[in-house]
Every structure is written in C-alpha cells, then in structure tokens.
Amino acid sequence: MQNFKNLAAATILDAVKEICGDPPVSAEEISSFLEYPPNPEMGDLAFPCFRLSKALRNSPQKIAEMLADKTKTFRYGTTEAAGPYLNIRVSKTYLAENVLTEIEEKGDSYGSSGSGKGKTVVLDYSSPNICKPFHIGHLGTTVIGHSLKLLHQFEGYRCVGINYLGDWGTQFGKEIAAYKRWGDRKVIEEGGVDELVKLYVRYNNECEEHPELKDEARAEFHKLETGDEENTELWKWFVSVSLEEYQKTYKQLGMEFDSYKGESFYTDKMPAQVEKLREMGLLKLDDGASIVDLSEYGMPPCLILKKDGSTLYPTRDIAAAVYRKQEYDFDKCIYVTSSAQSLHFAQWFKVIELMGYDWYSGLVHVPYGTVSIDGEKLATRTGNVVLLRDLFRQSIDKVHEIMKEKNPELAGNEEVAEAVGVGAIVFYYLFNNRIRDINFTLEQALSFDGSTGPYAQYTYARTCSVIAKAKEAGIEAEGGECTHESEEALLKTLSRFGEKVEAAIGDYEPSVITRFIIDVCTAFNRFYRDCPIVTAETDEQRRFRTRLTAATRQVLGTALHLICIKTPEKI
C-alpha cells in the first residue's frame with residue numbers, strides 16, 4: 001500500500017503545517033512511521049502521534065484529535081483519532097481505481113520502485129566445492145543468493161552473480177592421490193562426480209589407518225601449486241566433470257551465473273594484498289604465522305599466512321574482493337554463506353577496512369541456518385549426504401503420483417511435475433527466516449494445503465483457469481467498482497507488494513516475499529470462494545472480478561519468479 005502510504009503521509013504533513021506552520025518532520029519520515037493496525041477494524045494504517053509529541057508540545061492524544069479534525073475526509077480515505085493514534089482508512093474507490101490501474105500499466109515491473117538504477121551489486125553465492133556432490137546443504141546459499149539477485153534486478157540494480165567455486169586447496173591433493181592409486185578415467189567419465197566422491201571418501205577412510213597418506217596428498221597438492229603438468233591436467237578435468245553435474249541442477253532451478261571464477265583464479269592476486277598489509281604494518285608474526293591482530297575489535301586474529309607461507313581463506317577472500325571492486329565497481333558485494341562463517345567474514349571485512357579501502361562498508365554477509373533431514377546433519381567426508389538431484393527426483397516422482405489423482409489430464413507431464421516438485425523444495429526452504437535451522441520434510445513441502453509451494457502454484461494456475469474461462473465467455477477484464485469485503489481485502493494485499501520488495505531487499509530476506517505470496521493466495525482463494533466471477537450476477541461484477549483475477553495473476557507470477565519458482569498454468 002506504498003502509494004496510499006505516501007498519500008496519507010502528505011495529507012498528515014499538510015495538517016501538521018496548519019497546526020504549527022513549520023513541520024518538524026518530512027512526508028518521507030511520516031510515511032516510515034505509519035503502521036498497520038493489528039485489527040483491520042481499526043483501519044488500514046495508523047500514525048503514532050507520540051512521534052510529534054515533543055515537537056508540537058502536546059500529548060499524543062491531543063495531537064491525534066487535532067490531526068483527525070484537519071483530515072477527517074480526504075480524497076482517498078478517512079481518518080479518526082483513537083487514543084494516541086490517528087487511524088486511517090483507505091477508500092474502496094481508491095483501491096479499485098488506482099491499484100488495478102497501476103498493476104495493469106506497470107505489468108511485470110509493478111512493485112518495483114527502480115531504486116537500484118545506476119547501482120551495481122555483486123552477489124557471491126552457491127559456490128560448491130569441486131569434486132563433491134551438490135547436496136541439500138548447498139540449497140540455502142543457492143536459492144537465497146539467486147532470489148536476492150532477482151530482487152535486486154527487479155529494483156533496477158545491475159547484478160553480477162558469481163559462483164565462487166571451491167576449486168583449490170589440500171583436498172585436491174587427496175583427490176589426485178586417490179585417482180592415481182585407484183582411479184579409472186572411463187569409470188569417472190561415465191559416473192561423473194559420484195565416482196570422484198567415492199575416491200575422496202575412500203582416501204579419507206584410508207587416512208584413518210595410514211596417516212602417512214596425508215603427507216602424500218600434501219605433496220600432490222604442492223605439485224599442483226607449482227604447476228606440475230600432470231596434476232594440472234587432472235585438476236582441470238575434475239573441475240569440468242563437476243561443473244557438468246552442477247549445471248544440471250542450476251538448469252532445474254532456472255539459474256545462470258555471470259562468473260565461475262573460483263578460488264584458484266586469485267592465487268596470483270594474493271601476494272600484492274599480503275605485501276600491502278606488510279607495508280602498512282598490519283601483519284604480525286604469531287608463532288611463525290602472519291596475522292592481523294583484531295583484539296581491539298573484540299575478535300580473534302585474522303590468519304593471513306600459515307607458518308610455511310601458504311595462504312588461507314581470508315587471504316583469498318581479500319584478494320577476490322579487491323579484484324571485484326576493480327572489475328565491477330560495485331556499490332554492494334553480497335556473500336551468502338552459512339552462519340557458521342559469520343566470524344570469518346567479520347574478520348576479513350575489518351581487515352579490508354584497516355587496509356584503507358573506503359568501499360569496505362559495501363561488503364555484506366548474508367548468513368543462513370543449517371539444514372538437516374530427520375535431524376541428521378550432512379558430511380561429505382563420511383559420505384553422509386542427501387544429494388539435491390536425488391531429492392528433486394523423489395519430489396518430482398511424488399508429484400507425478402499426485403497429478404494422476406488430481407488431474408489425470410496432466411499425468412506424465414514432466415515439465416509441470418518438475419516445476420512443482422522442485423518448486424516445492426525451494427518454497428519450503430525460503431518460507432522461514434533464513435537464519436533459522438531447517439529440518440526438511442518432503443511430505444510437508446509437497447502438501448497442496450497450507451503455506452507451501454504447490455498451494456501457491458495451484459492458486460496461480462487457478463487464476464489462469466478463471467481468466468481462460470472468462471475469455472471463452474467473452475468477459476472483458478474492465479470496470480472498477482469494489483463492492484465485496486473479499487474484493488477489498490485482496491486489493492489491499494496486492495497493493496503492498498512494493499513494500500514487501502523493499503523490505504526483502506533491506507533485510508536480505510526472501511522469506512518476506514514467500515510469506516507475501518501466501519497472503520495473496522489466501523486472499524484470492526477467499527475471494528474465489530465468496531465472489532462468483534464468471535457466473536456473477538451482473539456484467540459489471542463479472543468484468544471487475546475478472547480484472548481483479550488478472551491483477552492477482554500478474555502480481556503472484558512476479559512474486560513467485562522473485563523466489564525462483566516457476567509458474568505452470570495448469571496443475
């Protein structure tokens with residue numbers, strides 16, 4: 001209800017001017033103060049008058065009465081004093097004339113303020129480790145990150161999606177050593193990353209009984225670091241085998257990245273940053289290791305170099321951030337990773353600041369909680385993983401079974417089953433606040449009742465069905481008289497989309513959109529139940545309700561896209 005908020009704020013500001021002449025607040029501030037009352041019967045918006053109490057030297061109750069007197073009726077609503085609050089009610093005329101018209105005129109851009117135009121955002125997300133499977137533990141960074149990219153694009157930002165592949169480190173020494181001991185190229189070419197994982201797990205198990213194998217792995221990685229031709233070719237092959245597998249998952253999710261530059265890309269860019277730290281006197285030796293002391297800021301030291309001079313994650317992240325600033329001149333660089341890495345990001349963000357890079361404030365860490373299935377945590381090293389492709393396949397198969405019962409016409413339709421099956425998992429993950437830990441339950445995710453992806457997609461398909469039937473009946477989507485409370489409630493819900501987008505971006509929280517989608521679905525299905533559309537009593541009702549249904553389809557479709565969910569027109 002952003003436009004109405006602005007109208008109400010301007011009206012209140014005019015009233016304040018009448019009362020005191022020189023207003024102590026701006027229309028923007030008043031708009032930010034406006035709240036939604038807990039009980040709809042109290043109105044659509046409420047202004048807490050204690051915000052003006054000091055400036056106007058009067059009690060909140062008295063200020064509410066004065067404002068109500070000045071704004072009793074205005075073009076698009078009415079006001080009344082309620083204790084220290086000014087309650088504001090939007091008129092049905094405004095809703096019908098303005099909300100629907102704006103949705104129709106703006107189409108896919110409805111809800112966007114364009115606040116990101118001229119700004120660049122770099123997003124670092126997904127970023128799986130090469131030679132390891134894409135499991136459910138990767139789902140958080142992948143779907144949260146991509147949703148944030150879509151949200152920023154929607155607001156007009158230029159977005160650069162980076163898949164910062166974990167393609168460097170001592171684990172590749174293990175993979176190379178394992179391949180040289182037991183590997184078969186033909187087996188890996190046929191089995192892909194699964195066979196690489198088997199080698200990795202086997203090597204780790206052997207290390208338990210034969211610790212000397214760890215030295216062998218370190219030696220193989222050292223050869224890779226120093227450019228050994230055989231190990232370099234093996235490493236490149238492992239990367240390509242892994243990427244081929246990951247691309248299948250990204251295709252199911254409808255995702256593409258602008259860059260796949262992994263950790264290895266920054267190996268030659270780290271020395272310059274290490275030298276800068278040294279020249280600035282920020283590096284200190286601690287038992288042979290090079291650190292940046294952060295005790296003054298309440299954090300442990302940030303390790304930059306090991307005793308043997310080799311680099312660590314902070315070293316690579318610092319070099320990567322400097323490169324990205326030079327390459328993309330970002331306004332914000334967003335990192336979507338597990339909350340377990342929060343200290344790591346806080347440390348090297350502080351190091352960037354101490355190095356004098358004035359863009360440090362544009363670095364943003366977006367943490368998220370863990371995911372488990374039936375309470376079991378995941379661990380690649382032991383082979384205890386739930387592969388995302390297997391979970392997707394299981395979900396898709398179950399959707400096929402559901403479709404046979406609910407809609408035999410679509411039985412066997414792989415495209416629809418995939419959209420619903422994959423969408424159910426993504427929606428389930430994005431429904432709750434991202435920082436919460438999730439215990440995944442496929443049965444709950446696939447339910448067509450309640451706050452789920454299938455329920456949202458089914459509601460979208462229902463809007464498509466209504467519009468198709470209206471078209472067959474020759475009903476035009478036009479007119480503007482809102483007469484039923486369920487129509488009014490749906491219009492109010494649709495009008496808040498822009499606010500939800502702003503809140504989702506401001507808090508880096510896709511669940512704001514996911515929950516808004518459920519609000520829209522609930523409001524539409526209540527409207528569908530209470531208000532006949534194609535069979536309404538009058539032509540005017542049929543036209544207006546068809547128009548309202550079309551507006552719902554538009555907003556719902558846009559919102560689902562922003563959280564990576566596809567929108568089949570039949571389910």
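List of remarks:
- Within the range 43-68, considering residues that are assigned to a loop (DSSP other than H, G, I, E, B) and free of Cβ contacts under 8 Å to residues at least 60 places away in the same chain, the one farthest from VAL90 (Cα to Cα): ARG57
- Which listed residue, of GLU105, GLU97, is within 30 Å of PHE544 (Cα to Cα), free of Cβ contacts under 8 Å to residues at least 12 places away in the same chain and within 33 Å of the chain's Cα centre (by Cα): GLU105
- Candidates SER53, SER113, SER59 - the one that is among the polar types (S, T, N, Q) and under 30 Å from GLN153 (Cα atoms): SER113
Residues are listed down the side, and each one gets a yes or a no for (1) farther than 18 Å from LEU196 by Cβ; (2) touching a Gly at 6+ places or on another chain (Cβ under 8 Å); (3) charged (D, E, K, R):
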residue	(1), (2), (3)
TRP235	no, no, no
GLU245	no, yes, yes
SER259	yes, yes, no
TYR266	yes, no, no
LEU282	yes, no, no
ASP286	yes, no, yes
ALA289	yes, no, no
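- Qualifying residue in the range 213-231 (condition: buried (at least 22 other Cβ atoms within 10 Å of the Cβ) and of a type in the set (Ser, Thr, Tyr)): no
- Residues that are assigned to a loop (DSSP other than H, G, I, E, B) and among the aliphatic types (A, V, I, L, M) were ranked within the range 456-494; the one that is surrounded by the fewest Cβ atoms within 10 Å (Cβ to Cβ) is ALA473.
- Under the condition of being over 12 Å from LEU52 (Cβ atoms) and either part of a helix (DSSP H, G or I) or not assigned by TED's automatic domain parsing to the domain that holds GLY77 (or both), the residues counted in the range 18-32 number 5.
- Complete set of residues in the range 436-454 that are crowded, with 20+ Cβ neighbours inside 10 Å and not hydrophobic (A, V, I, L, M, F, W, C): THR452, GLY453, PRO454
- Matching residues, the range 33-42, being modelled with pLDDT under 90 and either outside any helix (DSSP H, G or I) or surrounded by fewer than 16 Cβ atoms within 10 Å (Cβ to Cβ) (or both): PRO38, ASN39, PRO40, GLU41
- Filter result (over 15 Å from ALA470 (Cα atoms) and among the hydrophobic types (A, V, I, L, M, F, W, C)) within the range 541-564: VAL555, LEU556, ALA559, LEU560, LEU562, ILE563, CYS564
- Filter pass, TYR428 being out of contact with any His (no Cβ under 7 Å at 6 or more places or on another chain), in contact (Cβ under 8 Å) with a residue 60 or more places away in the chain and assigned to a helix (DSSP H, G or I): no
- From the list LYS198, LYS248, the lone residue that is under 30 Å from the mean Cα position of the chain (by Cα), under 30 Å from ASP390 (Cα atoms), at pLDDT below 95 and surrounded by 13 or more Cβ atoms within 10 Å (Cβ to Cβ) is LYS248.
- All of (1) surrounded by fewer than 16 Cβ atoms within 10 Å (Cβ to Cβ); (2) in contact with a Ser or Thr (Cβ under 7 Å, 6 or more places away or on another chain); (3) not acidic (Asp, Glu) hold for LYS106 with one exception: (2).
- Considering the range 514-571, the residues that are crowded, with 18+ Cβ neighbours inside 10 Å and polar (S, T, N, Q) include one that is nearest to ALA445 (Cα to Cα), namely THR514.
The values are calculated or read from the model by the stated rules, or taken from the named source; none is laboratory data. On a predicted model such as this, the values are computed, not experimentally measured, just so you know. So basically every Cβ, Gly included, is an ideal-geometry build from the backbone, and we count neighbours across all protein chains shown.
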